[in-house]
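The structure appears right after this line, and notes come after that.
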Amino acid sequence: MADDLDLSAILHSPLDEPPPPSTWWPAVVGLLVGAAAVLGGYAVAGRDDATVPTTSVVSTTVTTVSSALVPLDEVAFPPGYRMLTEVVALAPVAAIAVDEELLIGVSFVARRGLDPEGVLPASGVWVLETAAGETIQSTGSVVDPATPGVFSVVFPNPGDVALRTLRMIERWNPDPRSGSQMVGVAPLPGSVAGPVAIDLGGGVTLNVSGINIGERTADLAWDLTGTTRGGDVNLALRVQEDGVDLAVYFPTVDVFFSRDALDADDAAGTIGLQRDQGIQGDLATATHLVVDADVTLVVGTPTNLEFDVSDLPVAAR
């Protein structure tokens, strides 16, 4: 394996959604995965401004398509890219082996003439075949806003063996759900009686319990029922007095469940939150607590997208 290819930028986790990519045609943008991989007249999907990532299920979605789309021919996407949908195409660009994991960087581009707003990386279930005939299934995906146009598929490290084929067998799309629930509280800081059940629709319920609220931080336990799909959950707390916010607590990261497979058996956990220092009301006068939940479930769509990776550069770290 080559040891001079720096792909450290694709190692970040959790799955952070980058800002919307820009149309690849006709600018030339280098891939931010070590040595620049210039596409010769085509540019990978990129970003305009750095933002704090909030949503984490990596998927392919399109909100708006320009009327100036070119035909689906040899110039609709850059050379070497395989079409995943009519508006986005993928190509593996490099890989890095890190201890027990192998990360394969995949570039994604928008179709020529596409309004790029809403086009995100594509993830799902992938399989990797080695030259020895071993087949390995992916265990997740990671995205870093510092590397626009690239996401990484994570596999167990097969060791020092040649790679042969990378195949996407299932594409994941997001199913966002949200809801809020208000409960009465005694003067705070302190504990809040629970559980609090938030109806997310379609029989899916988020249950919150063990809520503890302090002057600067808060924590709670949560579990999700009514679904067998993985995804992520984002929770926030608003302490109020007669409808006026006294304090707002928010998580520093999203919480992920079963992002390796569409199975929510482990859709439960605890989460810590920090207080918004810009809202400094007196907790002792609180009358209500509002729990806000944003949950993104994963919807799997069978697909078959195959790449020859026998010549893919692999670095060891």
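Sequence-ordered 3J(HN,Hα) estimates for region 309-314 from the Karplus curve with 6.51, -1.76 and 1.60 and θ = phi - 60° stand at 10, 5, 9, 5, x, 10 Hz, glycine and proline given as x.
Gyration tensor over the Cα atoms of region 147-216: the corresponding equivalent ellipsoid has semi-axes (square roots of 5 times the eigenvalues, largest first) of 44, 19, 12 Å. When its C-alpha radius of gyration is set against 2.2 N^0.38 Å (N residues), region 131-185 gives a value of 1.86.
In order along region 187-200, the Karplus-derived 3J(HN,Hα) couplings, from 6.51 cos²θ - 1.76 cosθ + 1.60 at θ = phi - 60°, round to x, 10, x, x, 9, 10, 5, x, x, 10, 9, 10, 7, 9 Hz, and Gly and Pro are given as x.
Phi angles of region 226-243 translate, via the Karplus equation with coefficients 6.51, -1.76, 1.60 and θ = phi - 60°, into HN-Hα couplings of x, 8, 10, 9, x, x, 9, 9, 10, 10, 9, 10, 10, 8, 10, 10, 6, x Hz per residue; Gly and Pro are given as x. Distances between every pair of Cα atoms in region 108-241, grouped in 10 Å steps from 0 to the bin holding the largest one, split as 9, 26, 24, 22, 14, 5, 1 percent.
Only Lys, Arg, Asp and Glu carry charge here, each on its Cβ (+1 for the first two, -1 for the last two); on that basis region 149-266 has a dipole of about 400 debye about its Cα centre. Using only the Cα atoms, work out Rg/Rh for region 175-298, with Rh taken as the Kirkwood radius, to two decimals. Here Rg/Rh amounts to 0.98.
None of the figures in this text is laboratory data; all of them are computed from the coordinates on show. Quantities reported herein were computed from a predicted structural model and do not represent experimental measurements. We place every Cβ from the backbone using ideal geometry, glycine too, and count neighbours over all the protein chains shown.
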